[in-house]
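Have a look at the structure below, then the notes.
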Amino acid sequence: VLVFFPITPIVFVAGFVWGPLWGTLIMSAGSLLGTTAALLGGRWLMRDWVAARFGTSPHYLAIDRAVAVAGFRAVLLLRSAPIPLAVLNYTLSLTRIGVLPYAVASVVGLLPLTVLYTSAAGGLAEATAIVEGQVTVGDAAVWLFWAGVLAMVGVFIWVARVAHRELDRLLAADEPA
């Protein structure tokens, strides 16, 4: 998170090693610490310089104000966008968003993908055990697994659509600025 290393492989490993529940809990704690450290570090290192350089730009002022006012919602929605985590962390560190809304929205916003990835990796671990003959699975379990995968994909698509609509609404509401 702090050095632009993709987090997705780490989330998969967490799910494979610790399973979906513990992998999700461990990765959520790690994302809370990492995203908050990036926000504070970026704010300490870059915010004053960026504000001095671009502080009169109407675009910068509008974004800064929108994120300060609707911080929790903005971060929550931006977390569902396909933006690299570190880029988003450091970009948001240039705004006036509060640390608490940022941290909570980051954990909540990253939760769907964290659950999806740790569950997929946990399923891979179980599939490996099945292939090796360590575990047997009945038809009901297979159908339940695929129903869960489809449900997670459906929720992810729904969240992305809601996020897109809400971001459009926030941008349209702030257009006069």
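Using 0.36 nm per residue and subtracting the Cα-Cα separation, the extra length available between His59 and Val87 on full extension is 8.2 nm. Stretched out straight at 0.36 nm per residue, the stretch from Ile157 to Leu100 would grow longer than its current Cα-Cα span by 17.8 nm. Solvent-accessible surface of protein heavy atoms, probed at 1.4 angstrom with all chains present, puts Met46, Met27 in the order Met46, Met27, largest first.
The values are calculated or read from the model by the stated rules, or taken from the named source; none is laboratory data. What you see is a predicted model; the values in this text were computed from it and never measured. What goes into the accessible areas is simple: the full protein's heavy atoms, side chains included, and nothing from ligands, DNA or RNA. Shrake-Rupley method; radii C 1.70, N 1.55, O 1.52, S 1.80 Å.
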